[in-house]
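None of the figures in this text is laboratory data; all of them are computed from the coordinates on show. Predicted model only: the values in this text are computed from it and were never measured. Every residue, glycine as well, gets a Cβ built from its backbone with ideal geometry; the counts of neighbours run over all protein chains shown.
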Amino acid sequence: MQTAHLLHDEHVEIEALMKRLHGLVRQQGLACPGEADRDAVMSKLSEIIAGIQTLLGGHLNFEEEHLFPRLAANGEADMGELLTAEHEPIREAADSITEIARTARDEGFTAESWRRFHRLAFELADRVICHAEKEEMALLPLVEELLSADDDMELASAHAKSRFKTGP
Ligand SMILES: [Fe+2]
Ligand SMILES: [Fe+2]
């Protein structure tokens, strides 16, 4: 089953990305990055934000646009609905931290924007890691069990196209 492997590999990459985000805010703490550490923080951050937009964003879109409809067509709509509901707060947190990081790239962080970023970064990392672990336990076995070889091939090809479209 290519689809389950592709999703698993992306979950591993996404978890690593979230751990980098977590590490960055944990290391910096609540102290707003000043002149001395601004460049180091911003360069780590721009790589993390690019990953959030392409890898995480592309992954959520692929599941919603291609995988969940295919599960629903095989009589398993509930799983897709439940997981899509978890994608919403993940997208909101991802969009908010992207916006704060983009403003900070031009204007620097303020004490307030860093505090907000710090809180949202922990929230996003926790939500995403929890969600990916849930999918590893509940979604991937269902994908293996339910999808036909044709479904699997079509999804793998849709995945390759979406990865190409959203890749860096
Ligand atoms: Fe998901
Ligand atoms: Fe996923």
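Structure notes:
- The chain: calculated mean residue ellipticity at 222 nm from DSSP helix runs of at least 4, using -39500 (n - 2.57): -27000 deg cm²/dmol
- Going from the residue with the fewest nearby Cβ atoms within 10 Å to the one with the most, ILE97, ILE48 rank ILE48, ILE97.
- Computed from backbone phi with θ = phi - 60° and the Karplus coefficients 6.51, -1.76 and 1.60, the 3J(HN,Hα) list for region 100-116 is 5, 5, 5, 5, 5, 4, 8, 10, x, 7, 9, 4, 6, 5, 5, 4, 5 Hz; x is used for glycine and proline.
- Length-normalised contact order of the chain in % [C-alpha pairs under 8 Å, at least 6 apart]: 44
- Against the rule of thumb 2.2 N^0.38 Å, how large the Cα Rg of region 2-166 comes out: 1.14
- Among VAL41, VAL143, VAL12, the order by Cβ neighbours within 10 angstrom, fewest to most, reads VAL12, VAL41, VAL143.
- Ascending count of other beta-carbon atoms within 10 Å, so fewest first, for HIS5, HIS159: HIS5, HIS159
- Alpha-carbon centroid distance for the pair region 30-71 / region 96-168, whole angstrom: 7
- Computed from the C-beta positions of ALA156 and ASP106, the FRET efficiency with R₀ = 35 Å rounds to 0.30.
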